[in-house]
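The structure is given below, and queries will be raised subsequently.
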Amino acid sequence: MSFRSRFLLGLVSIAIGTAIWLPLLHFVFRPGRDQFRNEVAVSPIARQLAHRHVDLWALPGGGKADIDKMRVNNPEWDFMGRTFLVLSLANMCLREPQRQDEYLRVVDRIIEDTDRLAQAKGISYFLLDYANQSQFLQQPVRSIFVDGELAMMMGARRLVAEHEPFRERMRDLVHITADRMAVGPVLSCESYPNECWTFCNTVALAAIRMHEVLDGEDHRQLQRKWVATAKDKLVHQQTGLLCSSYTYDGQAMDGPEGSTIWMAAHCLQIVDESFAEDQYRRATSEIAHQCLGFGWAGEWPKSWVRPMDIDSGPVIPIIDVSAGSSGQAFVAAASFGDTGYYRSLATTLMFAGFPLSRDGRMQFCASNQVGDAVLLYSTVVGPLWQTVRERGRGVEAP
């Protein structure tokens, strides 16, 4: 047989082998049906992820090294890591009441430390440097990024078990936020100078809804008006998806982004469920991908593409893989009951996230503390929002 014949035979053999094993590859990495997420209990992977995070916060100074590393790149990640961990532990409290005291000790420590830092060091402590390079339009200076997530953390804790030290503080944050949103040209507040972010404003709306069911107040008019304004002025014309950022007067700055829309849809579930469903459906149509058992999410729809930034993280071209969007897609897929997409995302994570499990603790080497906190939240999400719905039946959402 000539060299050319042997070479062609080799290529054919490789092609046949690839055609056989490639469609089967995902079975090697696909977690068991209840290994990653269980609808009624805390799954094994959730418990391992939580164990590591609880250890970091339970020990004095235990999480400082990891937090300091993240803050070098983005101080927002420090704040968001705290928020997603608190939300995760609140859901775990509702799934495992027998471990509530253990989880709530960590929750209280996180919230107290976060609020102390925000008040002592100012909002810029948790913001990127450019927050100090120009002036906020709305005075006095506040960031809805900080106020909204702090209120949401306190609301999550109080929905598990009332905690008087947080009642008045949450009430103040919600009243300040709701009042400032109500007078904004598009019912939104700035996260950064003349920058309103949909992520932050929908988190704030969810926190306001949590306050409604906890304290019996009525903010339905603000919620209705915000949704109506968003549909009219804050959506991307080509896709119908919410823009990720806009100026204080409502001029779009960035179009739809996966690192925003997945969490926004999740938060809107307790504000306006039909609008949330609409946004999730549009997002899955535009930026969710599945192939050969693997799942991922892109950062932008084809009709809106921009350069990578700190929020999008690295985006792999051609196949359109965004780490930031894919991580948030876990939360949305879980909260909207999209089990097929969720499992395909988990398969990709087990393949490319480099999981490290040791002594009952797990982390993903391709991630960081905030990324792992988001993944943990996706494994346990559900009970907290269900509690809001059940307790809010007397204060119906719009």
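So if R0 is 35 Å, what FRET efficiency would Tyr130 and Arg224 give, r being the distance between their Cβ atoms, rounded to the nearest 0.05?
For R0 = 35 Å, the calculated efficiency reads 0.55.
Please rank Cys189, Cys365, Cys267, fewest neighbouring Cβ atoms within 10 Å first, as an exposure proxy.
Ordered from fewest to most neighbouring Cβ atoms within 10 Å, Cys189, Cys365, Cys267 come out as Cys365, Cys267, Cys189.
I've got another one for you. Arrange the following residues from fewest to most other Cβ atoms within 10 Å of their Cβ: His211, His51.
By the 10 Å Cβ count, ascending, the order reads His51, His211.
Another question, if that's okay. Quote to one decimal, in nm, the extra length available between Val183 and Lys69 on full extension: 0.36 nm per residue of separation minus the C-alpha distance between them.
Result: 37.2 nm gained on full extension.
Under a 5 Å amide H to amide H cut-off, with H placed in plane at 1.01 Å, what residues pair with Val321 once short-range neighbours are removed?
Here the answer is Ile316, since their amide H atoms fall under 5 Å of that of Val321.
Among 233-242, 325-334, how do they line up from the highest to the lowest mean number of other beta-carbon atoms within 10 Å?
Output ranking for 233-242, 325-334: 325-334, 233-242.
Given H placed 1.01 Å from N in the peptide plane, which residues other than close sequence neighbours of Met253 have an amide H under 5 Å from its amide H?
Result for Met253 returns Ser245, Tyr246, Thr247.
Can you give the helix-only mean residue ellipticity at 222 nm for the chain, where every DSSP H stretch with n ≥ 4 adds -39500 (n - 2.57) and the sum goes over all residues, rounded to the nearest 500 deg cm²/dmol?
-19000 deg cm²/dmol
For the pair Ala352/Glu96, report the inter-label distance in nm, with labels modelled 7 Å from Cα in the Cβ direction.
In this crude spin-label approximation the distance works out to 3.1 nm.
Separate question: What list do you get for Trp197, Trp57 if you sort them by fewest beta carbons within 10 Å?
Trp57, Trp197
Along the range 106-115, what does the Karplus equation 6.51 cos²θ - 1.76 cosθ + 1.60 (θ = phi - 60°) give for ³J(HN,Hα), rounded to whole Hz, x for Gly and Pro?
Values, residue by residue: 5, 4, 5, 5, 4, 5, 4, 5, 5, 5 Hz.
What is the sum of charges, Lys and Arg at +1 and Asp and Glu at -1, for the other residues whose Cβ falls under 11 Å from the Cβ of Ala346?
+4
While we're on this one: Taking θ as phi - 60°, what are the ³J(HN,Hα) couplings along the range 158-168 by the Karplus curve (6.51, -1.76, 1.60), each to the nearest whole Hz, with x for Gly and Pro?
With the stated coefficients, the range 158-168 comes to 5, 6, 6, 7, 4, 9, 4, x, 9, 4, 5 Hz.
A further question follows. Which whole-Hz ³J(HN,Hα) couplings does the range 367-380 yield from phi under the Karplus relation 6.51 cos²θ - 1.76 cosθ + 1.60, θ = phi - 60°, glycine and proline marked x?
So the Karplus estimates, Gly and Pro as x, are 10, 9, 4, 5, x, 5, 5, 5, 4, 4, 4, 5, 6, 10 Hz.
Every read-out reported here was derived from the displayed coordinates using simple, explicitly stated rules and does not represent laboratory data. Source: prediction; values computed, not measured. Using ideal geometry, Cβ is built from the backbone for each residue, glycine included, and neighbour counts are taken over all protein chains shown.
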